1. Given H placed on each backbone N at 1.01 Å, which residues far from Leu492 in sequence or on other chains put an amide H within less than 5 Å of it?
2. At a 10 angstrom cut-off on C-beta neighbours, averaged per residue, how do the peptides 276-285, 227-236, 151-160 rank from highest to lowest?
3. Hey, what's the range 134-278 come to in accessible area per residue, 1.4 Å probe, Å²?
4. Please give the net charge around Val601, taking every other residue with its beta carbon less than 11 angstrom from that of Val601, where Lys and Arg add +1 and Asp and Glu add -1.
5. Report Rg(Cα)/(2.2 N^0.38 Å) for the range 621-673, keeping two decimals.
6. Using amide H atoms built 1.01 Å from N in the peptide plane, name the residues 5+ places from His167, or on other chains, whose amide H lies under 5 Å from its own.
7. Below 8 Å between Cα atoms, with a sequence gap of 6+, how large is the relative contact order for the range 367-433 in percent?
8. Quick one: net charge around Trp463, please, counting Lys, Arg +1 and Asp, Glu -1 for every other residue with C-beta under 13 Å from its C-beta.
Amino acid sequence: MALYMGICARSYFDFVDVPFSKLSCSSNLSKRRLLLPLFLRDNSLRKQRSKVGCFASRGNVTPELESEENVSVSSSQDDDDLSHVIKFKMSDFKIHDRVSIGLGNRGDEVVYEATVKEASSPLFNTRVVLRRLVSTGAKRRGKRTIEVLKKLVRRRLMYHSYSMQVHGYVCSSTADNSGSFVLVHGCHGSSSLRHWLQQSDWLPTLEATLALDEESARRVGDDTVGGPAVSRQLRLIRVLMRDLLIGVNYLHSHGLAHTELKLENLHISPVDGHIKVGLLGNAADFHDCSPADDSKVDGSIDRRKMMIGFDMRCVGFIMAKMVLRDLMDPIIFAKFKSFLSKGNDPSCLREFLMHIVSRDSSPENVGFQILDKNWGAGWNLLSLLLATKPSQRISCLDALRHPFLCGPRWRVDPTMDMIRWSLGSTAVRITEEYIYGRQQRRRIAHFIELIEMLNPHSKPRNWLDLLPGKWRLLYSTGRHVGLTLRQPSTRLLIGDVHLKVTKLAKPHATFSLESDICFTVMPGKDWPHDKTGTGGRLRVTSLSKLRAGRRLYIKEETATKIRPTTPDISDAILEKLSSKKWRKIMPIKEFPSSLPVAKLVSSDVDITMRLDEPLTGDVKTAQSVIHEVRMQIPPELFDLSKIVCGTYVDSRLLVLRSVNGSAMMFTRAVENC
């Protein structure tokens, strides 16, 4: 039977099927079909068509492997290093005539499936995987896998539940790397997590494999089973993510970092329903140093944070692929990684993925709905796992306590950062409904006031690094004028409205503000159905200085209270903050008379407009276009000098107030989406 072959699979769940009649084997096997062991490259699973080349007969397989047991062992020291596992002989196994493609991963390994046939072995009649390591690097990984078991087997229950079990090895020589080395480990299903997710019916299949019942639902804080696809997928992701985090934390608690966490290295055991973290051939130690050497201790702490952060970033990639199935496409995932490698803040992932990920409402594309649930908790966890600096990434234990991974039965006290995130995410989701009734406008104004009171960056020096960038306008509490009930002379459709803030080198704390308004002029009468027309762009620039200031809340005490034209929500906010839930976080007994803000002092304004053909030379049309743009956009973006202060800023959201008190909420835009 052939050992060396190049294989590319058309389906990730198909075995490589080769008829025996084409091989040189005995006549009694000529009518059987053989599923051959694999010799895989890392990128072989990405190709679509399959070709098989076979260069040896089946009769060569067993003698080649069994010859390893006849070579004497020359190094007792290396034997002692491997004494905590079983040293097998090839005659202890019955080699199967097939191997699952989900077990192959590297090009310097040959994989077999076998059953232990030695009656005296504690693993008698157990199905195992034999991984023949060919190159020097592969043998090093195999021995390292056995070496780290000394640390892990101290807690056998955790080891058996969340780690791929390594039973032993077959080695012809331990004196050097010239002899062959075969690693013997457990067979936890025939497919990796990647292969599960690539099935068309992966959701019901995984639910059946994990045997998700009410008891399983209670393990993640849920009290129901079944339901719509969004709830079922969220429940399944919670089960898988919690298992993965427990397994990774098990490694970190023993001073090890996996360094190779990916979908291909995770297997789901149908026996106990747990995720098994793959082989630890490249596991790295944290290297605890002696307390006497402070410099080495500091270096060890930094190394520990860096390595844990690397593993958590890999967990973030796994979570992103499980939730957003589009990221299984290598091209889309490459854009996803490029966005992060350029230093962009992961809190802006939602804004970025809106442009590259399909947001259909079909059951196959429910990732956005899952991440948006529970006030955007999924996006928050994803941003913490993929934080730019390794030291800022969330730990396994904190991730297990995150609201996204805790069902409704588990009460989790949110942090202040989580409360800010939830308020901002809810406001963003309301703005995306587009049709703003009185109730929606009141709710958005309510959330904007709340996040302004929770502003973590009240001092101007904190704004120097957060304010620069490109911001997209989400909502303005000022007037809203559309095309539906109006009859303007020029029909205009406003596109994206951006505010670009650039920090100048001199003088200090001076910024260049530029509002960029894209629009389309629709000349036809059928504009409600046909939105095509002539494009244009209006730009307004101004210089602004950043100063410290305060926003005053004026209390008017009059005998007859006149109903304001805009809803006064201060009483509603005070009532909200006085509730039992909020009192623990913000013990406010009365509405504050003022709040610190970042004051913006603007200078002269410069306005330019560009119209595409054929409206370039029509001055009258240009005048009517400017008039209509001023009618549809907030006046503060046409005259930037009317922006007087900034009341909230973080890595994701920005709130600016104008001279008349109206608020504009922005989200950070992503360059070159």
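The values are calculated or read from the model by the stated rules, or taken from the named source; none is laboratory data. This structure is a prediction, so every number in the text was calculated from the model and none was measured. Backbone-built Cβ (ideal geometry, glycine too); neighbour counts: all protein chains shown. When the accessible area is computed, the model is the full protein with side chains, heavy atoms only, and any ligands, DNA or RNA have been set aside. Shrake-Rupley method; radii C 1.70, N 1.55, O 1.52, S 1.80 Å.
1. For Leu492, whose amide H was placed from the backbone, the distant partners under 5 Å are Met522.
2. The packing order, highest mean first, is 276-285, 227-236, 151-160.
3. Numbers: 5020 Å² over 145 residues.
Heavy-atom accessible area per residue stands at 35 Å².
4. +3
5. So the range 621-673 has a normalised radius of gyration of 1.37.
6. For His167, the qualifying residues are Val184, His185, Gly186.
7. 37
8. +4
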